[in-house]
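A short write-up of the structure that comes next.
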Amino acid sequence: MKLEVSRRNALVLAAVVAVVAVLAARQYLGGGERTDGRSMLPTIGGPFTLVDQTGKTVNNSDLKGRLLLIFFGYTFCPDACPTALTTITDALDLLGARADDITPVFITVDPGRDTPEQLAMYVAHFHPRLVGLTGTPEQITKVAKAYRVYYAKAGEDGTDPDDYLMDHTSITYLMDRDGTFRLHFSHGTDAETMAERIRGHL
């Protein structure tokens, strides 16, 4: 009898955990509805002041009025970042003239190495309208927190202070013309899927 009760309790607990996980995922992905009819989109994004690849100061207000595709990464990234930026470039190419209303943005999580000059060389390999942004460590910490982006140094061996990798969130965010979060694309999303989902917001 005790064994049956324990099993029943375990099943109930598992069911509760599963429901909570589904609800949390729906809220994060913006798939839920509030009882008042408003969307349960998560709070992602906010004000920032950074510097672009030309050395010009850019804040979030400068980018309003256009859709934004924002990706956080770093120029020394061996795979995830060039893959994501290539996908963004291909998706915008697939959208053709409709992509003229979209600004792709690359925000570094490695401000120590990613100077405006370094960003200028890097973003030139991707979409011609790609904006690269850097700033002080404090500014990057603030904008990463606003977008719920995790990042940390990894792979340091102590011999060369500039030889390291960065662990970081690999998500592309779609922000609307008012700077409000609309949806995100996980790492590995293909260009066709990205373009198709963006079309619904143009």
- Filter region 61-73 down to the residues that are within 24 Å of His187 (Cα to Cα) and of a type outside the set (A, V, I, L, M, F, W, C), then identify the one that is surrounded by the most Cβ atoms within 10 Å (Cβ to Cβ). Gly73
- Under the condition of being in a strand (DSSP E or B) and in contact with a Pro (Cβ under 9 Å, 6 or more places away or on another chain), which residue from region 51-60 is surrounded by the fewest Cβ atoms within 10 Å (Cβ to Cβ)? Asn59
- Message: Scan region 192-202 and tell me whether some residue there is aliphatic (A, V, I, L, M), exposed (fewer than 12 other Cβ atoms within 10 Å of the Cβ) and closer than 16 Å to Leu67 by Cα.
- Response: yes
- Every residue from region 170-202 that is touching a Gly at 6+ places or on another chain (Cβ under 9 Å) and not basic (Lys, Arg): Ser170, Tyr173, Met175, Asp178, Gly179, Thr180, Phe181, Leu183, His184
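Only the coordinates and a few stated rules stand behind these numbers; no lab work does. Please read all numbers here as calculations on a predicted model, not as lab measurements. Positions of Cβ are generated from backbone atoms using ideal geometry, with glycine treated the same way; all protein chains shown enter the neighbour counts.
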